[in-house]
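The values are calculated or read from the model by the stated rules, or taken from the named source; none is laboratory data. Please read all numbers here as calculations on a predicted model, not as lab measurements. No Cβ is skipped: glycine too gets one built from the backbone with ideal geometry, and neighbour counts run over all protein chains shown.
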Amino acid sequence: MGDFFEVRDTLPGGRGRTGVIHTPHGDVHTPAFIAVGTKATVKAVLPETMKSLGAQAVLANAYHLYLQPGADIVDEAGGLGAFMNWSGPTFTDSGGFQVLSLGAGFRKVLAMDANRVQADDIIAAGKERLARVDDDGVTFTSHLDGSTHRFTPEVSMGIQHQLGADIIFAFDELTTLVNTRSYQEQSVRRTHDWAVRCVAEHRRLTEVRAHKPYQALFGVVQGAQYEDLRRAATRGLVDIGGFDGFGIGGALEKQNLATIVGWVTDELPEDKPRHLLGISEPDDLFAAVAAGADTFDCVSPSRVARNAAIYSRTGRYNITGARYKRDFTPLDPECDCYTCGNYTRAYLHHLFKAKEMLASTLATIHNERFIVRLVDQIRESISAGSFDELRAEVLGRYYAGARI
Ligand SMILES: [Zn+2]
């Protein structure tokens, strides 16, 4: 796969770049926002709508699809894209994040709280530990029915081959910022050993299933907030060989995101794409791109939309506020989405108040388009040499505190 990824333009004096990822289901122009469709659906929105609002690719979760409906069913349907009627490129994550985060009963926000005391056996208050890690893999309890399951690198590769996404990820161990330094070291070693096993199993399955479209495997860099661990983990994964690209995962505090991504991209080859796993806000997008990330998945646009939170060029606001009851303007006057072209804030306010399903659909369309368009503009600004100006202008307005 020598021509899997092409770098096009680069940011002068920085790590950011534009490029194209070539997959069997089409190209992804980077930097690119990858919409999250956890259970093979972007919640509340048709795949055709995602395409028309400019989404280039969709990322689904191996953990969720393994539990329901089962990876074998997705395989029989012809793979993730065919199953969900999405003809474009697809990604799946390895399941490592969900197995460990859902298994330990915490969500990312809590897990990333660095102010807690360091400990290696933390779980969320009031939750039972549902996952146990050993050097061979992870045993966990399903959040759906309490049944016991086991993921190993080989199991994750088998599931992701059955799901058939164009880009898949090596099985890694998620740690949190509260884990001790010695645990992080042990975990980085374990993730490295698992990466070696993933490459071997991926090669075997690629041969066994040679009639299927090629799936690109990304290694996942862990190492939390430690520069030496992140750099060593990155070099170790590069030395394994056999990865088509790299994911940057794990514990990332917002204020250190650019620094940590920078350590990793410093050690990575230029000719392979880098995916940043799970970011959320507009300032994170700029920081990630400037630090050399090519793609990033982000559940926020649809998750917050279902809670009535609306992105706009002048900041995020909640449409259920009383001031929108008689506001007959679009969600964002500068937006070109289907929702803004046809509906008003007053109508969305009403739909959310009345708990109508259409509220989620229309708000999600708007938020997804907002992020897709912003990343499109970031990509264009790198080619045009105006990245710094765009960043200053967009973030200046977004975080000015003004609310329309
Ligand atoms: Zn809109």
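Residues of segment 76-102 that are acidic (Asp, Glu) and either more than 16 Å from VAL155 (Cα to Cα) or surrounded by fewer than 19 Cβ atoms within 10 Å (Cβ to Cβ) (or both): GLU76 alone. Tell me which of these GLU380 doesn't satisfy, since it passes every other one: (1) surrounded by fewer than 17 Cβ atoms within 10 Å (Cβ to Cβ); (2) away from the ligand (no atom under 15 Å from the Cβ); (3) farther than 21 Å from ALA57 by Cβ. Result: GLU380 passes all but (3). In the condition set (1) in contact (Cβ under 8 Å) with a residue 24 or more places away in the chain; (2) over 28 Å from ALA77 (Cα atoms); (3) surrounded by fewer than 17 Cβ atoms within 10 Å (Cβ to Cβ), SER182 is compliant with all but (1). Looking at this structure, is THR206 of a type in the set (Ser, Thr, Tyr), in the same structural domain as ALA32 (by TED's automatic domain parsing), within 24 Å of PRO269 (Cβ to Cβ) and surrounded by fewer than 24 Cβ atoms within 10 Å (Cβ to Cβ)? Yes: the conditions hold for THR206. Take the residues of segment 220-259 that are modelled with pLDDT of 95 or more, aliphatic (A, V, I, L, M) and farther than 23 Å from ARG8 by Cα: which is surrounded by the most Cβ atoms within 10 Å (Cβ to Cβ)? Looking at the filtered set, the residue picked out is VAL221.
For CYS298, the criteria (1) within 15 Å of the ligand (Cβ to nearest atom); (2) at pLDDT below 95 hold in every case but one, which is (1). Scanning segment 301-353 for residues that are surrounded by fewer than 20 Cβ atoms within 10 Å (Cβ to Cβ), more than 14 Å from the ligand (Cβ to nearest atom) and either part of a loop (DSSP other than H, G, I, E, B) or of a type in the set (Ser, Thr, Tyr) (or both) gives ARG306, ASN307, GLY315, THR320, GLY321, LYS325, ARG326, ASP327, PHE328. Looking for something of a type in the set (A, V, I, L, M), in the same structural domain as ASN61 (by TED's automatic domain parsing), within 30 Å of MET357 (Cβ to Cβ) and surrounded by 17 or more Cβ atoms within 10 Å (Cβ to Cβ) - is there at least one such residue anywhere in segment 281-288? Yes: one or more hits. Of all the numbered requirements in (1) within 26 Å of ALA35 (Cβ to Cβ); (2) assigned to a helix (DSSP H, G or I); (3) among the small types (Gly, Ala, Ser), GLY219 misses one, and that requirement is (2).
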